[in-house]
Structures are given as structure tokens and as C-alpha cells.
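Since every read-out is calculated from the coordinates, none of them should be taken as a lab result. Everything numeric here is computed off the predicted structure, so don't read it as measured data. Glycine also receives a Cβ, built like all others from the backbone with ideal geometry; neighbour counts cover every protein chain displayed.
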Amino acid sequence: MKTKVGVFFGGRSTEHEISVISANQAINAFNPEKYEIIPIYLSKEGRWYTGKDLLTLSNYKNIPALLEKCTEVYMRPVYGDFNLYNARKSLFGKEVFDTLDIAVPVLHGTNVEDGKFEGVLETIGIPYAGCDTLASANGMDKITMKMILRSEGIPVVDYVWFTDRRWNSDRDAVIKNVEETLGYPVIVKPADLGSSIGIGAAHNREELVDRVNTAARFSQRIIVEHMVTALREINCSVLGDADEFETSVLEEPVKADEILSYGDKYMAGGMHAAQKKIPAELPEDVAAECRKLAGETFRVLGCHGVSRVDLIMDDSTGKVYVNEINTIPGSLSYYLWEAAGLPFEDLMDRLVKLAIKRQRGREGKTLSFAQNIFNMGGGVKGAKGVK
């Protein structure tokens, strides 16, 4: 029998469309002799749909018409229930639409890549590919991620952070802190978005105010970083788990401006189609340092599956810093693994095997005790509401 794989994509995220492209690439990479793929599209309103029409990218030009051809489904938050249920069951229709064996989230951005969706899958107990809730949350939030990395001795550029409420209530103090701690130029970012959305460079106070106001449209937490002017961006993918992993070849994206924009990444058709140098043209010792830092980032954050670590190099000093990690990278970074000799089909196969291995490991852990404190004469006295 074929393994039934639910590929989840879309979601209530500013990176919704990129997720659709990445998922389409991943679905087409699965070996049809081994896997039966069930596409599950999460709409921008948060509803789930499945159907063969989701497999054709051109159908997404008219999403309302597309969803008319699809079946709305859902999963119950019940441990061990891997069924997809019909959301609108007819009187004599089937309650269960299908049953999954494994979930593969190909979701980017807030509400889906940040641990929220992974928490749903963990509640259900279904094996799933990729980082768990904790690693996903820490990887998505740039502030938390940099705190963890810095505490582990992994180099990151200097930064300050604040909330949108503090920006609105004590703006002068925030500006003073940025100028005294970092100076100009700086990069302003929403703390929990990817794909370069809401990011901008500021060379003076006026630009800082404008860039922070833009970032605050997308997130409640803002991070401002020292901008490396002699900048080279280097990306490295990591595959495996926190105890056993391997790193890919390196890439150097080609940007049109000071920072790599959303357009640089995606307007040409996805991360795999964006302009880049593969492998990156670096001295071997620098390349080795980049791969080491990528692997250490993956390990320290407790990552799983396939991720992409984005590094920056100060070309004037040769110093390398970790910029961020993408726990579900665009196009699943398949092009970096193909350059390393691992075909996309084999990458997807590895992700499935890793998911199953992790689930088996979890099932071997003790999650509850046989004792019931309510039968032991203790633990109740003094509890609020008990008489």
C-alpha cells in the first residue's frame, strides 16, 4: 500500500502565495509509486480544502472558482485520529473523506510556520515533517532566535528590539536607543515574518521612523539591526535532526538593492528561480565556517527536517554572522540539495523517514503516570473551589 501524505499549504499568512508555489514543487517531487498525495489548502480565511484542482497553479488566479471545485475538510484535535472529515457532509454522505499516514507542512510565515500549525499536528499525534512547535516558534521570531544564538556563542549582528506599543508611546526613547546602540545605517524588520516582507534600510532618523512604521503594520514586535555595508549574503540548507545532520552546498543570492527584496526572491517564479550563485564563490575556509555556523544554528534551535540558514558576511573584515533561519524554506531548498547530489524526490523521501523516526522516538517516552492522586488522599485539600 502507498503511504498517504497530506501536504498542507497556504494559510493565513503574508507568504500565502509563496507557500502554494513551494507545495506544488514538493508534491510533484514525490514518487507516485510510493506515495499517494492528498493536497490540503488552507485558505486565507483559515478553512481547509482538498481536491485535484489544487494541483494546477493556474487555478489560483481565481481562488473562489477553484474552491467551488474542492471539498472542505478538517481534522479533529483528538490524539490518534488521522482522519480528514467532510466539513459539509450531506445527509447520506461519508463523514470521513480520507485518512492520512503522515503530514508534510509546506507553510511559510506567521500563523503556520511559527509553531501554531505544528502544535495542531502534535495534538493529533500524526507524524509530520519539519521542526516541532518549539523550534518553529524560536526560528520564526528573529528576536528570540538571536537571543538563543548569542547565548550559545553563535555570532549575530548587534540589534535592539521593541514592541509597536512602545514605539507609539515612547518613540523618542526608542530612537535614542537605536542611535546610541547601533548608529546608522540599520535594517528594520518585523520580528516574525519572512520573505523580506516589511523590511527596509534606514540611513537617518527620518528613514528610521518610516521603516519602523512600515514594519509595525505587519508585526507587534520590531527588531532593528546594525547594517553591514560591505555585505555578502550566503545561504546554506541543513537536513536531518539536531543530533545528526548534514549541510548543503552554499548559495549567494544576487540582490538588486542593499537588501534582498521580496521581488528579488519570488517574482521570477520562486526561490529556486531567483538569481543566485551556486556554489557561492568563497575561499574554502570561509565556506567551511558558513557550513559550521548553519549546522550549529540548526542544532542549537533543535531543528528537524530541512531548513535554510541565511548568513551574512562583512566583506571588509571577513566576519560571518547568522542572519536568520527558515524552518520551512522556500522551495524546501531542493535546488541546494540537487547541487549537492541529492535529487528532490530523494529529499522528500528523507523528510518522510525523518518524520516517522521522530514519532517513534516520541512514542517511547513516558507521558503520564499510572497513579491517580484523587485516589491517594492528597492533592485536593485546599484547592480553590473545593469544599
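Quick notes on this one:
- Simple label model, 7 Å out from Cα along Cβ direction - residue 17 to residue 123, nm: 3.1 nm
- Two-site FRET efficiency, residue 36 against residue 254, from Cβ-Cβ distance with R₀ of 41 Å, rounded to 0.05: 0.60
- Shape call, the range 111-174: gyration tensor on alpha carbons, a/c limit 1.5: oblate
- The charge dipole of the chain, taken about its Cα centre with unit charges on the Cβ of Lys, Arg, Asp and Glu (plus for the first two, minus for the last two), comes to roughly 1760 debye.
- Acute angle (nearest 10 degrees) that the helix 16-29 long axis makes with the longest principal axis of the chain, alpha-carbon atoms: 60 degrees
- Size of charge dipole - the range 96-180 - debye, nearest 20, with Cβ of Lys, Arg +1 and Asp, Glu -1, no other charges: 300 debye
- Full extension of the segment from residue 56 to residue 339, taken as 0.36 nm per residue of separation minus the current Cα-Cα distance, would add 99.2 nm.
- Inter-label distance, nm, simple model (7 Å from Cα along the C-beta direction), residue 229/residue 213: 2.7 nm
- Anisotropy class of the range 316-377 from Cα gyration tensor, a/c 1.5 cut: oblate
- Rg followed by Dmax, in Å, when the chain is reduced to its Cα trace: 22.6, 73
- You can think of it this way: the chain between residue 179 and residue 316 has 47.1 nm of extra reach, that is 0.36 nm per residue less the Cα-Cα gap.
- Based on C-alpha pairs under 8 angstrom that are at least 6 apart in sequence, the chain has a relative contact order of 16 percent.
- Ordering of 62-69, 91-98 by packing [mean C-beta count within 10 Å, highest first]: 62-69, 91-98
- Using Cβ point charges alone (K and R +1, D and E -1), the dipole size of the range 3-128 about the Cα centre works out to roughly 360 debye.
- Measuring between alpha carbons in the structure, the pairs from 4/94; 277/319; 34/292 lying more than 24 angstrom apart are 34/292.
- The range 60-124-the range 142-168 distance, computed between alpha-carbon centres (Å): 34 Å
- Whether the range 3-128 is rounded, prolate or oblate, judged on the alpha carbon gyration tensor where a/c under 1.5 counts as rounded: rounded
- When the convex hull of its Cα atoms is viewed from all sides, the range 158-226 shows a mean projected area of 3.8 nm².
- Summary of packing: across the peptides 303-310, 71-78, 224-231, the per-residue average of other C-beta atoms within 10 Å ranks them, highest first, as 303-310, 224-231, 71-78.
- Mean separation of Cα pairs under 8 Å and 6 or more residues apart, divided by the residue count, gives the range 80-148 a relative contact order of 29 percent.
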